[in-house]
1. Restricting the first residue to the stretch 94-119 and requiring it to be under 17 Å from Asn24 (Cα atoms), which pairs with a second residue that is open to solvent by 60 Å² or more (accessible area, probe 1.4 Å) and in a strand (DSSP E or B) meet a Cβ separation below 9 Å and a spacing of at least six or different chains?
2. Could you tell me whether the stretch 36-48 includes any residue that is touching a residue at least 60 places away in the same chain (Cβ under 8 Å) and of a type outside the set (Ser, Thr, Tyr)?
3. Looking at the stretch 93-119, which of its residues are among the aliphatic types (A, V, I, L, M) and more than 17 Å from Gly6 (Cα to Cα)?
4. Those residues that are assigned to a helix (DSSP H, G or I) and within 30 Å of Val110 (Cβ to Cβ), I need them from the stretch 19-47; list them, please.
5. Considering only the stretch 43-96, how many residues are crowded, with 16+ Cβ neighbours inside 10 Å and modelled with pLDDT of 90 or more?
6. Suppose we filter the stretch 48-75 for residues that are closer than 30 Å to Phe102 by Cβ and in a helix (DSSP H, G or I); how many remain?
Amino acid sequence: MTKMPGRMCRFYKNGKCLYEEKLNPGYNRQWRCTVLKGLEGEYDKLLRQADNFHLDEHAFSEFWEQRIEEYLKSAVVCRKMVPHDEEGLPFCAALHKEICLFEQPECGGVCNHFKPRNK
């Protein structure tokens, strides 16, 4: 006997089950997007540098834009990202809020956690 597909479940997203993430958002840090985690680290590093060198807001924003561009063009970017936006910068279709859908468990079909989508 095969299960009914879970496509109409509120925890379903692109073939993945988001039940555990909805239950405890952010609890499993392994599911977070590696690119976003890296950018957060770069931002924190730039904040410390800006504080040490007494940079104003304008200089900080210019440095930040440059860091983002360099970071996204570097080899650090995960293999799941593809060039997609207008500027040719990487875009990730697997990003859902702050989690990577590729890291989520597969949806096995209608299960005990099935809840119909809100309309």
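1. Taking only residues 6 or more apart or on different chains, the pairs are His96/Lys13; Leu101/Lys13; Leu101/Leu95; Gln104/Lys13.
2. Applying the first criterion (touching a residue at least 60 places away in the same chain (Cβ under 8 Å)) to the stretch 36-48 yields 36.
Applying the additional criterion that residues be of a type outside the set (Ser, Thr, Tyr) yields 36.
So far as the stretch 36-48 goes, yes, one or more of its residues are touching a residue at least 60 places away in the same chain (Cβ under 8 Å) and of a type outside the set (Ser, Thr, Tyr).
3. Ala93, Ala94, Leu95, Ile99
4. The initial filter retains those residues of the stretch 19-47 that are assigned to a helix (DSSP H, G or I), namely 19-23, 29-31, 34-47.
Once the filter is applied, which keeps residues that are assigned to a helix (DSSP H, G or I) and within 30 Å of Val110 (Cβ to Cβ), the stretch 19-47 yields Tyr19, Glu20, Glu21, Lys22, Leu23, Arg29, Gln30, Trp31.
5. Matching residues across the stretch 43-96 total 5.
6. 10
The values are calculated or read from the model by the stated rules, or taken from the named source; none is laboratory data. All values derive from a computational prediction rather than experimental measurement. For neighbour counting, all protein chains shown are included, and Cβ atoms are generated from backbone atoms with ideal geometry for every residue, glycine included. Just the protein is used for accessible areas: all its heavy atoms, side chains included, with ligands, DNA and RNA removed. Shrake-Rupley method; radii C 1.70, N 1.55, O 1.52, S 1.80 Å.
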